[in-house]
């Protein structure tokens with residue numbers, strides 16, 4: 001194997017990694033938000049995305065709605081699921097041992113997977129849209145990946161602005177620093193948690209919009225990217241959205257370049273090895289402050 | 001303005017207040033003094049409904065607070081500056097102040113209130129982009145009081161504003177309280193620094209083990225032999 005910086009395939013791979021990193025960054029955003037604010041890990045996060053993908057699929061193919069409307073429906077659906085998950089599952093155990101939250105959201109993962117298998121069968125489905133690809137020099141890039149990348153960056157920027165500039169966003173950041181003082185500000189912590197859960201769900205729904213353009217839908221699809229999303233969050237420092245953003249690109253490049261020099265599976269192996277090594281060096285994550 | 005009648009409150013099975021009667025009239029500054037563990041903080045916390053009211057009644061301008069949840073108290077014109085200041089350490093000074101104006105009624109007047117607070121505490125304006133957690137204790141107290149003023153309250157509850165501060169800073173904090181009074185706010189302040197606080201308020205209540213032991217004009221309590229012996233150490 002030859003190493004050459006003028007190799008267009010190498011550059012294509014690097015840029016592919018970058019595009020994939022953007023999607024990973026978006027996927028990690030909702031999970032990080034929930035953890036950072038509510039201090040709960042939604043183990044079933046990827047399954048919410050899976051349900052969002054099905055929602056979009058059925059709205060688009062069975063009900064014949066335009067794609068943007070189907071996307072909006074998917075986002076709303078997962079936002080509602082996020083709020084429901086919080087209200088029904090998280091809230092009753094919010095003040096118990098953290099292990100309970102892992103177990104119970106882990107349980108929801110299998111429940112949702114089983115539910116999807118029963119309702120939709122294990123058949124692979126696809127919305128059947130091809131956006132084609134663009135050519136730059138000798139390099140080719142699928143348009144769907146470019147769209148996904150741009151949407152991810154825009155979503156990250158919008159979320160940042162929302163958290164930084166609005167009353168609600170400031171309250172969401174504040175509640176993660178001191179929950180008990182919030183009522184004195186006229187803020188109901190319950191309401192903020194519910195809104196945050198819906199927002200986290202909405203971000204998962206947006207992730208579903210992007211993934212539905214890139215991959216087939218099946219009940220176990222959550223397992224194919226759920227662990228990576230989770231590791232992106234941990235590597236960045238759970239709850240630290242900026243850290244997660246950086247970690248997403250690191251992971252994506254590992255996978256892309258590993259796939260370029262060997263096989264795609266080796267990319268994943270390298271990424272996981274890197275993750276494990278990093279966990280020994282910086283257990284709190286790249287930018288994390290917690291232990 | 002604020003009236004407590006036979007108020008009992010506590011945490012779980014622990015009762016902190018036993019049949020407390022207390023009144024704050026409009027424009028007044030009133031102190032609640034007493035030793036550590038007397039229930040002073042609980043008194044403010046039950047007014048804010050952060051802890052439940054177990055007996056008696058609390059009324060703000062003749063409206064009972066019994067059924068008002070904690071996060072709606074501020075809408076009635078009561079701002080609570082809690083013990084240990086409780087700023088959001090990783091938010092900037094200005095973001096902390098913004099949180100003080102979270103309630104709907106206050107948002108529309110945010111710019112006006114912010115200008116007012118910066119006018120009152122020019123030092124906070126210089127520090128507006130600094131993270132609150134990186135400031136000194138005195139500065140944090142200033143920011144906490146400013147955050148309390150952001151909602152434009154009628155009544156300001158101050159919980160131990162001088163606690164944990166260096167002696168020089170303590171003096172500044174009491175000067176600050178005096179200025180807040182001059183601005184026309186009604187103030188209910190809880191303090192362990194009895195000698196100092198009695199110099200800036202009109203009236204005071206002495207709280208011991210959850211019961212009001214004594215009350216009267218601040219001057220009288222300051223000259224009362226029992227108070228002087230037990231709490232001022234003279």
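Computed quantities for the displayed model
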item	result
Unmet requirement for residue B:129, which otherwise passes all of (1) outside any helix (DSSP H, G or I); (2) within 19 Å of the chain's Cα centre (by Cα); (3) within 14 Å of chain A (Cβ to nearest Cβ)	(2)
Filtered residues of the stretch B:56-67 (kept if over 15 Å from residue B:9 (Cα atoms) and within 14 Å of chain A (Cβ to nearest Cβ))	none
Test: residue in the stretch A:32-44 that is in contact with a strand residue (DSSP E or B) (Cβ under 8 Å, 6 or more places away or on another chain) and in contact (Cβ under 8 Å) with a residue 40 or more places away in the chain	no
Tally, over the stretch B:136-176, of residues that are assigned to a helix (DSSP H, G or I) and within 14 Å of chain A (Cβ to nearest Cβ)	8
In the stretch B:82-98, residue nearest to the chain's Cα centre (by Cα) [restricted to those that are modelled with pLDDT under 95 and more than 7 Å from chain A (Cβ to nearest Cβ)]	B:83
Test result for residue B:71, touching a helix residue (DSSP H, G or I) at 6+ places or on another chain (Cβ under 6 Å), at the interface with chain A (Cβ under 8 Å from one of its Cβ atoms), part of a helix (DSSP H, G or I) and within 30 Å of residue B:123 (Cα to Cα)	yes
The stretch B:20-43: number of residues that are more than 22 Å from residue B:222 (Cβ to Cβ) and part of a helix (DSSP H, G or I)	2
Qualifying position, being within 10 Å of chain A (Cβ to nearest Cβ), in contact with a helix residue (DSSP H, G or I) (Cβ under 8 Å, 6 or more places away or on another chain), crowded, with 20+ Cβ neighbours inside 10 Å and in contact (Cβ under 8 Å) with a residue 60 or more places away in the chain, among B:106, B:79, B:101	B:79
Only listed residue being touching a residue at least 12 places away in the same chain (Cβ under 8 Å) and either surrounded by 13 or more Cβ atoms within 10 Å (Cβ to Cβ) or at positive phi (or both), chosen from A:104, A:134	A:104
Hits in the stretch B:1-23 - residues which are crowded, with 22+ Cβ neighbours inside 10 Å and either under 15 Å from the mean Cα position of the chain (by Cα) or free of Cβ contacts under 8 Å to residues at least 40 places away in the same chain (or both)	B:2
Matching option when the condition is modelled with pLDDT of 90 or more and in contact with a helix residue (DSSP H, G or I) (Cβ under 7 Å, 6 or more places away or on another chain), among B:161, B:153	B:161
One residue from A:172, A:228, A:250 being within 14 Å of another protein chain (Cβ to nearest Cβ), assigned to a helix (DSSP H, G or I) and crowded, with 19+ Cβ neighbours inside 10 Å	A:172
Selection status of residue A:196, facing another protein chain (nearest Cβ under 9 Å) and crowded, with 17+ Cβ neighbours inside 10 Å	no
Candidates A:13, A:61, A:96, A:6 - the one that is free of Cβ contacts under 8 Å to residues at least 60 places away in the same chain, over 21 Å from the mean Cα position of the chain (by Cα), within 30 Å of residue A:134 (Cα to Cα) and surrounded by fewer than 22 Cβ atoms within 10 Å (Cβ to Cβ)	A:6
Qualifying residue in the stretch A:37-51 (condition: at negative phi, assigned to a helix (DSSP H, G or I) and modelled with pLDDT under 95)	yes
Members of the stretch A:175-189 that are without any contact (Cβ under 8 Å) to a residue 24 or more places away in the chain and more than 7 Å from chain B (Cβ to nearest Cβ)	A:179, A:180, A:182, A:189
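Conditions tested, residue by residue: (1) within 13 Å of the chain's Cα centre (by Cα); (2) touching a residue at least 12 places away in the same chain (Cβ under 8 Å); (3) within 22 Å of residue A:10 (Cβ to Cβ).
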{"position": "A:216", "(1), (2), (3)": "no, yes, no"}
{"position": "A:223", "(1), (2), (3)": "yes, yes, no"}
{"position": "A:235", "(1), (2), (3)": "no, yes, no"}
{"position": "A:274", "(1), (2), (3)": "no, yes, yes"}
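The values are calculated or read from the model by the stated rules, or taken from the named source; none is laboratory data. Predicted, not measured: the structure shown is a model, and the values here were computed from it. Glycine also receives a Cβ, built like all others from the backbone with ideal geometry; neighbour counts cover every protein chain displayed.
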